[in-house]
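Peer 1: Please find one structure pasted underneath; my questions will follow.
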Ligand SMILES: Nc1nc2c(ncn2[C@@H]2O[C@H](COP(=O)(O)OP(=O)(O)OP(=O)(O)O)[C@@H](O)[C@H]2O)c(=O)[nH]1
Ligand SMILES: [Mg+2]
């Protein structure tokens with residue numbers, strides 16, 4: 001487990017993506033909340049705190065509808081230490097998600113790692129969704145394959161966060 005020099009060092013994690021790709025489901029997985037399969041679109045954004053070793057992860061789950069992305073993204077993504085861009089792994093959604101990656105980069109510069117999530121990997125075999133490697137090739141961004149409705153996958157997601165946190169801590173120590 002990654003340790004910090006500070007107790008409860010706070011890290012801001014933003015989860016961004018178009019509607020119904022699985023952002024809230026991913027947030028629930030992280031927060032170890034029961035996963036509800038019924039789709040309830042997030043209005044605005046939702047915020048949860050998850051303790052992870054010495055770290056407090058402040059997780060921002062942004063509603064994917066256009067008006068919310070427009071209204072909230074610019075002001076509230078600022079200060080992120082790590083950004084997840086979630087896709088549902090369909091070709092159309094993945095290609096559209098490029099603009100979100102560009103937008104996040106525009107807001108954050110090179111200061112903040114951006115990880116793409118190829119979600120709904122459970123559906124790859126049935127409906128032509130792309131595997132995470134293909135998504136990674138299209139997005140030119142480090143990509144994690146995920147099935148957010150499967151709580152067994154939490155450990156893998158946390159491992160990715162842990163690796164990124166090491167980089168965040170390194171960057172912070174350089175700034176001190
Ligand atoms: N099969 C499958 N369904 C998933 C997966 N992840 C999420 N879903 C389903 O996709 C639907 C939308 O999930 P949400 O997490 O609410 O989507 P969202 O990205 O938060 O949507 P907005 O809040 O509208 O932006 C729900 O019915 C989830 O159960 C997955 O990995 N596989
Ligand atoms: Mg949501």
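The values are calculated or read from the model by the stated rules, or taken from the named source; none is laboratory data. This one's a predicted model, so the numbers in the text were calculated from it and none came from an experiment. Here the Cβ positions follow ideal geometry from the backbone for every residue, glycine too, while neighbour counts run over all protein chains shown.
Peer 1: For the stretch 152-170, give me each residue that is modelled with pLDDT under 95 and touching a helix residue (DSSP H, G or I) at 6+ places or on another chain (Cβ under 8 Å).
Peer 2: none
Peer 1: Now, a different point. Check off (1) more than 15 Å from ligand 2 (Cβ to nearest atom); (2) under 18 Å from residue 165 (Cα atoms) for residue 75 and give me the number that stays unchecked.
Peer 2: Of everything listed in (1) more than 15 Å from ligand 2 (Cβ to nearest atom); (2) under 18 Å from residue 165 (Cα atoms), residue 75 misses just condition (2).
Peer 1: A follow-up question, please. Of (1) within 14 Å of ligand 2 (Cβ to nearest atom); (2) over 20 Å from residue 135 (Cβ atoms); (3) surrounded by fewer than 21 Cβ atoms within 10 Å (Cβ to Cβ), residue 12 satisfies all except one. Which?
Peer 2: (1)
Peer 1: May I pose another question? Taking residue 123 and the conditions (1) closer than 30 Å to residue 173 by Cα; (2) out of contact with any strand residue (DSSP E or B) (no Cβ under 8 Å at 6 or more places or on another chain); (3) in contact (Cβ under 8 Å) with a residue 24 or more places away in the chain, which numbered condition does it fall short on, given that it satisfies the others?
Peer 2: Of (1) closer than 30 Å to residue 173 by Cα; (2) out of contact with any strand residue (DSSP E or B) (no Cβ under 8 Å at 6 or more places or on another chain); (3) in contact (Cβ under 8 Å) with a residue 24 or more places away in the chain, only one is false for residue 123: (1).
Peer 1: Consider residue 99 carefully, then state whether it is away from ligand 1 (no atom under 14 Å from the Cβ) and surrounded by fewer than 18 Cβ atoms within 10 Å (Cβ to Cβ). Even if it seems obvious, please write down each step before you answer.
Peer 2: Numbers: away from ligand 1 (no atom under 14 Å from the Cβ): yes; surrounded by fewer than 18 Cβ atoms within 10 Å (Cβ to Cβ): yes.
Spelling it out, residue 99 is indeed away from ligand 1 (no atom under 14 Å from the Cβ) and surrounded by fewer than 18 Cβ atoms within 10 Å (Cβ to Cβ).
Peer 1: From the list 45, 84, which one is surrounded by 17 or more Cβ atoms within 10 Å (Cβ to Cβ), within 16 Å of ligand 2 (Cβ to nearest atom) and without any contact (Cβ under 8 Å) to a residue 40 or more places away in the chain? I'd like the intermediate steps shown before the answer.
Peer 2: Details: 84 fails: without any contact (Cβ under 8 Å) to a residue 40 or more places away in the chain.
Residue meeting the stated conditions: 45.
Peer 1: Kindly indicate which of 154, 129 is under 17 Å from the mean Cα position of the chain (by Cα) and in contact (Cβ under 8 Å) with a residue 12 or more places away in the chain. Show your work before the answer.
Peer 2: On the way: 129 fails: under 17 Å from the mean Cα position of the chain (by Cα).
Criteria check complete, one pass: 154.
Peer 1: List the strands (runs of 3 or more DSSP E) inside the stretch 26-134, counting only whole elements, that have at least 1 residues being modelled with pLDDT under 95.
Peer 2: Numbers: elements: 45-52, 55-62, 82-87, 114-118.
Because the criterion is at least 1 residues that are modelled with pLDDT under 95, the strands (runs of 3 or more DSSP E) in the stretch 26-134 that meet it are 45-52, 55-62.
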